[in-house]
Amino acid sequence: LALFAQSEEDQLMTVNFTSVDPGNSTAYRNVVKSIIADMKAAGVNDVQWFGNFMNDYNYAYAVYIDNMAELDNPFWASTIEKMGEAKFRAHFAKLDKLTNSSRVEVYERKGNLGYAHASANPNEELYRQWEIMEFKPGTGKQVEKLAMEWKEFHKSNNLVSNFSVFTGVIGQNEETLVVLSCAKDAVQMNERSDKAEEIMVQSGNDLWERTKQLMKSRRIVTGAYLPEMSFVPEMMPEAAARN
């Protein structure tokens, strides 16, 4: 879940979570960078992904899709054709030795629930905070209504923040809502969070209490968007423009 410019349009995406031991992280990054370099050299221009590092040593790669049918398409087909199968397999053999596990989940960014203050600068705000909340079954409509209230709370109080909202689409994640917040660093993220909490307490707003009543669990993971671990070909201007 990467750099997402605020848009009223919803966007489906797959997210590949790859777990790496801390001691293998540098080597893993170097292999991914080599893959990206070889893809650029081979002229691959019909795939894209946005890479993120999470402080639990998961690397998360977000890929836009237009519909669920795209899940059946072979993602690496053109890369193998242009790069060559031998080189491709050599890269991924190295990755296999450096990774613990990998899984793919599907999310939808809810365009009408995101918020970015006019002063937010996406190009500078590469620090990430994922607030991952699981809600009680059957509460989807209530949760979406609460999410809209959260957006209006930030907007009406002119709070300086920058966040996108995602919902799980299939399987165990259907009752999951993720709020991805962006900032320059952890200090700025905490300052923004503290300010929002201060205003909520002063105003007597019970929004947080009503949200907790529907919630089963909540966890926070921090990290960063990594441009050097992302692949956004120059020949895909529509992708670069919206991120």
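The values are calculated or read from the model by the stated rules, or taken from the named source; none is laboratory data. All figures in this text were calculated on a predicted structure; none of them were measured in a lab. Every residue, glycine among them, receives a Cβ derived from its backbone with ideal geometry; neighbour counts consider all protein chains shown. The area values use the complete protein model at the heavy-atom level, side chains included, leaving out ligands, DNA and RNA. Shrake-Rupley method; radii C 1.70, N 1.55, O 1.52, S 1.80 Å.
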Output the residues belonging to the stretch 18-47 that are open to solvent by less than 20 Å² (accessible area, probe 1.4 Å) and farther than 21 Å from residue 85 by Cβ. 18, 20, 25, 28
Within the stretch 155-164, is even one residue of a type in the set (A, V, I, L, M, F, W, C) and under 24 Å from residue 51 (Cβ atoms)? yes
So how many residues does the stretch 151-160 have that are assigned to a helix (DSSP H, G or I) and open to solvent by less than 60 Å² (accessible area, probe 1.4 Å)? 3
State all residues of the stretch 9-49 that are among the β-branched types (Val, Ile, Thr) and in contact (Cβ under 8 Å) with a residue 24 or more places away in the chain; if no residue qualifies, say none. 14, 15, 18, 20, 31, 32, 35, 36, 44, 47
Residues that are in contact with a Pro (Cβ under 8 Å, 6 or more places away or on another chain) and acidic (Asp, Glu), drawn from the stretch 173-217: 175
Output the number of the condition that residue 132 fails; it satisfies all remaining conditions of (1) open to solvent by 30 Å² or more (accessible area, probe 1.4 Å); (2) over 15 Å from residue 178 (Cβ atoms); (3) modelled with pLDDT of 95 or more. (2)
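For every residue, the table says whether it meets (1) modelled with pLDDT under 95; (2) open to solvent by less than 60 Å² (accessible area, probe 1.4 Å); (3) under 22 Å from the mean Cα position of the chain (by Cα).
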residue	(1), (2), (3)
67	yes, no, yes
73	yes, no, yes
84	no, yes, no
87	no, no, no
90	no, yes, no
94	no, no, no
97	no, no, no
101	no, no, yes
105	yes, yes, yes
Residue by residue through the stretch 216-229, note down the ones that are in a strand (DSSP E or B) and touching a helix residue (DSSP H, G or I) at 6+ places or on another chain (Cβ under 9 Å). 216, 218, 222
Evaluate the following for residue 200: is it in contact with a strand residue (DSSP E or B) (Cβ under 7 Å, 6 or more places away or on another chain) and not in a strand (DSSP E or B)? no
